[in-house]
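Here is the structure we will look at, set down as structure tokens.
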Amino acid sequence: MKATTAAVRAAIDAARAAPDAPLAFAECFTFTLATGVLLTWTNVDMPVSYNGATFSATGPLVQGLKYRASVGLEVDKQQIAIAARPTDLISGAPALQAIRQGAFDGATVQRDRVFLDRIGGTAIGGVTLFHGRVATIDSVGRTRAEITVASDLVVLDYDMPRNLYSPSCVHTLYDSGCGVVRGTFSASGTVGA
């Protein structure tokens, strides 16, 4: 079960009660680059304001990231396609050129389904359908990029040794980062002959 607002539950219940009732929603994609830059795009014709962000309707077109629920620790890997024009920019560079040059390396991706009170109306709430990381940039063409994204469980696939050895502590004994209190390990006394 996904968490959402009471207004979204009421809208869905009303749509169930009247099978021909319209239910307006928008797919909203948030890309958080490793540099901290947020890219927010939607697939509808009007900008959508949700969770303090405005999702642009004039940016690149994003398709993909189906909702999938499973039991266990299986990594969900999916494809997304980003179609962009030369005027769509990421940090000042054309979007597809920026993707080719590594702008999405280490980026996280989130897909929210945002429910609206009417077509072109205001958001009443939403549900996060996918959250994950960019795994690979499969291809970048003149108008479109194909990207594989993996759910956050992908970090469990990283090989780690049973015993992890690392360099010695970077702090000086008894400094503020060390955590060892000098008074606990000190002693006073007199040395006799």
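The values are calculated or read from the model by the stated rules, or taken from the named source; none is laboratory data. The structure displayed is predicted, hence computed values, not measured ones. Using ideal geometry, Cβ is built from the backbone for each residue, glycine included, and neighbour counts are taken over all protein chains shown. With ligands, DNA and RNA removed, areas are computed over all heavy atoms of the protein, side chains included. Shrake-Rupley method; radii C 1.70, N 1.55, O 1.52, S 1.80 Å.
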Task: Semi-axis lengths, Å, region 12-52, gyration tensor of Cα atoms, sqrt of 5 times eigenvalues - done: 31, 10, 8
TODO: Take the alpha carbon atoms of region 32-93, find their center, do the same for region 7-23, and report the distance between the two centers in whole angstrom.
DONE: 26
Task: Exposure rank, largest accessible area first [75, 114; 1.4 Å] - done: 75, 114
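On a 1.4 Å probe surface of the protein chains, which of 142, 9, 133 comes out largest in accessible area, and what is the full order? Intermediate values should be presented prior to the final figure.
Numbers: 142 225, 9 120, 133 90 Å².
Largest accessible area first, the list is 142, 9, 133.
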Open item on the list: Within region 91-158, what whole-number % of the accessible surface is contributed by carbon and sulfur, with the 1.4 Å probe and all protein chains included in the calculation?
Closed with: 50
Task: Dipole in debye (nearest 20) - the chain, about Cα centre, beta carbon charges: Lys, Arg +1; Asp, Glu -1 - done: 60
Open item on the list: Give me the percent relative contact order of the chain, please, defined on Cα pairs under 8 angstrom at least 6 residues apart.
Closed with: 20
Task: Nearest-10 value in Å² for the accessible area of residue 45, using the 1.4 Å probe - done: 140
- [ ] From the P(r) of region 93-142, can you give the percent of Cα pairs sitting at distances over 12 Å?
- [x] 71
Open item on the list: Using a 1.4 angstrom probe on the protein heavy atoms only, could you order 28, 169 from most to least accessible area?
Closed with: 169, 28
TODO: Just read off the accessible area of residue 55 with the full protein assembly in place, 1.4 Å probe, to the nearest 10 Å².
DONE: 10
- [ ] Compute, for residue 13, the solvent-accessible surface of its heavy atoms (probe 1.4 Å) with the complete set of protein chains present, and express it in square angstrom to the nearest 10.
- [x] 90
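Take the Cα atoms of the chain, build their convex hull, and give its volume per residue in Å³. Intermediate values should be presented prior to the final figure.
Values: hull volume 44.8 nm³, N = 193.
Enclosed volume per residue, from the Cα hull, is 232 Å³.
Indicate the gyration tensor shape class of region 25-98 (rounded, prolate or oblate), computed on the Cα atoms with a ≥ b ≥ c the square roots of the eigenvalues: a/c under 1.5 is rounded; otherwise a/b larger than b/c is prolate and the rest oblate. All intermediate terms of the calculation are to be shown ahead of the outcome.
Details: a/c = 1.80, a/b = 1.46, b/c = 1.23.
In terms of gyration-tensor shape, prolate.
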